[in-house]
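The values are calculated or read from the model by the stated rules, or taken from the named source; none is laboratory data. Being a predicted model, the structure only gives us computed values, none of them experimental. Here Cβ is always computed from backbone atoms with ideal geometry, including for glycine, and neighbour counts include all displayed protein chains. SASA here: full protein model, heavy atoms, side chains in, ligands and nucleic acids out. Shrake-Rupley method; radii C 1.70, N 1.55, O 1.52, S 1.80 Å.
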Amino acid sequence: MRIGIFGGTFDPVHIAHLLLAEQCREQCDLDEIWFVPAGSPPHKESTGISTGKQRREMLDFAIAGHANFVVKDLELHREGPSYTIETLRQLKTTHPDEEFFLIVGADSVRDLHTWREPESILELATLIGVNRPNVSLPDLSELTQKFGDIVQSKILWATMPGFEISSTDIRNRIQQNKSVRYMTPRAVEVYIHNNRLYLD
């Protein structure tokens, strides 16, 4: 199968995450999207992040009923920072027959050379760069100089409708006692309320 890997903190998961995943699934002809909540994201401060269990449960609520969406919590069981290359290697070991596609923002494609073992990432997965409508694609000449022709053959592009929702904004709105209705699935909103998340 063609599997899209969508990693992130998902604290909380919101409508833009889900729409992005669905757009990638459709535009890149993927069979499934695997959501991979990060354990300790290497590029973010870990303080203040909801527990892995809570973020996993919110994802389960958010994707319920979608036959092509799956949550994989392997990073939550790993000690230390969660690096993409380690996740891809683990997935390739446990699912050797699947073809993996790593879903990232367009800016992350441009900055791939700053990631841990970027050449190995390109060997294990095809990148799907998600771009905004009417926004120029990033210049990949530096990547091509570093890694050669594999760059062109291992990068696909998907377009995401342009609207602004972020987990940070949702957390801030909850702290300010503002509505987050329709910014995240209703089941996730209820879970946040019942567990009193983001109030501190």
Among the hydrophobic types (A, V, I, L, M, F, W, C), under 20 Å from the mean Cα position of the chain (by Cα), surrounded by 14 or more Cβ atoms within 10 Å (Cβ to Cβ) and closer than 22 Å to LEU20 by Cβ - does that describe any residue in the stretch 131-141? no
Looking at VAL109, VAL190, which is the one that is assigned to a helix (DSSP H, G or I), in contact with a Gly (Cβ under 7 Å, 6 or more places away or on another chain) and either open to solvent by less than 70 Å² (accessible area, probe 1.4 Å) or under 20 Å from VAL13 (Cβ atoms) (or both)? VAL109
With (1) at pLDDT 95 or above; (2) open to solvent by 40 Å² or more (accessible area, probe 1.4 Å); (3) not basic (Lys, Arg) as the list, and ALA62 as the residue in question, which single condition is left unmet? (2)
Could you tell me which numbered condition ILE128 fails, if it satisfies all but one of (1) in contact with a Pro (Cβ under 8 Å, 6 or more places away or on another chain); (2) β-branched (Val, Ile, Thr); (3) open to solvent by less than 20 Å² (accessible area, probe 1.4 Å)? (1)
Going by the structure shown, is LYS178 among the charged types (D, E, K, R) and over 20 Å from the mean Cα position of the chain (by Cα)? yes
Can you name every residue in the stretch 18-53 that is touching a helix residue (DSSP H, G or I) at 6+ places or on another chain (Cβ under 8 Å), at pLDDT 95 or above and within 20 Å of ILE165 (Cα to Cα)? LEU18, PHE35, VAL36, PRO37
For the stretch 165-187, name all the residues that are in contact (Cβ under 8 Å) with a residue 12 or more places away in the chain and open to solvent by 70 Å² or more (accessible area, probe 1.4 Å). GLN175, TYR182
Taking the condition more than 17 Å from the chain's Cα centre (by Cα) and crowded, with 16+ Cβ neighbours inside 10 Å, does LEU199 pass? no
